[in-house]
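Enquirer: One structure follows; several queries about it will come next.
The values are calculated or read from the model by the stated rules, or taken from the named source; none is laboratory data. Since this is a predicted model, take the numbers as computed values, not measurements. We place every Cβ from the backbone using ideal geometry, glycine too, and count neighbours over all the protein chains shown.
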Amino acid sequence: MAGAADRGVCGVCFNHCKYETEGSGFNMFAWEEFKNAGVVPCNERARFNNMIGEKVTIVANQQAYTVKCYKGHRKSAMYGRGWRKFYEDNKLGKSHMVVFFLDQPSPMASILWFQVGNGSEDEQPMEEGDAIEDSDSDNEDGGGSSDDGEGIVRTRGLLLNEREDFQLQGLLPLSDDFIGFAFVHRLTRTNICLGMMKIPKKVAAATLFEKQGVVGISVDGGRFKKISYKTADDGRIVFDSKKWKDFAASRGLKVNTAVLIGFKSSERDDVHVLVILKKLG
């Protein structure tokens, strides 16, 4: 990857993906959401998608980790409980790079990792510290701030009452079926009356949304409704306003209702991500 460290970090895969492939391995930089999902470099996505199935077993420091694989048209990644254990066991952080060799003679993948640099700004993804995310004071349509202690993202300035907070703690941590970050939000007039509902870019990046597509959304895992979405210029996911508004009305969602929103992978070709809402309070 000669010279790649001097180039910008891709806003899709959070790697230096503009270099030419050399040899059988590829590199992935550890970034803020790396513990939830390791996104495959854009220039390696097609090879990755063709090479592996729904799961792959990787080996690092003589330990084996079976991770789930997401293979999309715009973004592919490894995630799940095995991935998080791999991240924690190897104490990965922002100053680390992971080198993957998926075509070794062994039927399983072998992973090497080592430290590079000193965590300078040039090694960080361009999304980190983005002004729209961190300084957005109007969060009615789904801005967010991180709460890494719980592994969730909350609407900036969100306050839960005692009953809502008690119910939230009873739902956490989410099961291994869920991917990325969960999002805690209090529905507003913008969400309910105008039908404008957005998912923060921090959540979108870790949840492996394609640039545009369809989600299957439900309350408490009940009957799903398909809603189309697109990615806004600021990186947030925007649901189709009419379909979201119809969904909210049919499920009894109201202004000021606090919700926990989680995400699951979908096995259906016509649905990219499953979205599960749980009412709080």
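Enquirer: Looking at region 46-80, which of the residues that are over 13 Å from S265 (Cβ atoms) and among the basic types (K, R) is farthest from the chain's Cα centre (by Cα)? Don't jump to the end; show me each part of the working.
Expert: In the first step, residues of region 46-80 are kept if they are over 13 Å from S265 (Cβ atoms); the result is 46-53, 56-66, 73-74.
If we keep only those that are among the basic types (K, R) as well, we get 47, 74.
Details: R47: 21, R74: 13 Å.
So, considering only residues that are over 13 Å from S265 (Cβ atoms) and among the basic types (K, R), the one farthest from the chain's Cα centre (by Cα) is R47.
Enquirer: Kindly list the number of the only condition in (1) of a type in the set (F, W, Y); (2) crowded, with 17+ Cβ neighbours inside 10 Å; (3) more than 15 Å from the chain's Cα centre (by Cα) that fails for F101.
Expert: Answer for F101: the failing condition is (2).
Enquirer: Would it be correct to say that S228 is of a type outside the set (A, V, I, L, M, F, W, C), surrounded by fewer than 24 Cβ atoms within 10 Å (Cβ to Cβ) and modelled with pLDDT of 95 or more?
Expert: When the stated conditions are applied, S228 passes them.
Enquirer: Here is a follow-up. Could you list, in sequence order, the residues of region 36-55 that are surrounded by fewer than 21 Cβ atoms within 10 Å (Cβ to Cβ) and of a type in the set (A, V, I, L, M)?
Expert: A46, M51, I52
Enquirer: Moving on to the next point. Report whether or not I237 is in contact with a helix residue (DSSP H, G or I) (Cβ under 6 Å, 6 or more places away or on another chain), in contact (Cβ under 8 Å) with a residue 12 or more places away in the chain and farther than 20 Å from Y70 by Cα.
Expert: Values: in contact with a helix residue (DSSP H, G or I) (Cβ under 6 Å, 6 or more places away or on another chain): yes; in contact (Cβ under 8 Å) with a residue 12 or more places away in the chain: yes; farther than 20 Å from Y70 by Cα: no.
No, not satisfied.
Enquirer: Just one of the numbered conditions (1) in a strand (DSSP E or B); (2) buried (at least 19 other Cβ atoms within 10 Å of the Cβ); (3) of a type outside the set (V, I, T) is not true of N191; which one?
Expert: (1)
Enquirer: Any residue in region 155-181 that's closer than 16 Å to K85 by Cβ: show its pairings with residues that are part of a helix (DSSP H, G or I) and modelled with pLDDT under 90 at Cβ separation under 8 Å, as long as the two are six or more apart or on different chains.
Expert: D176/R81; I179/A206; I179/T207
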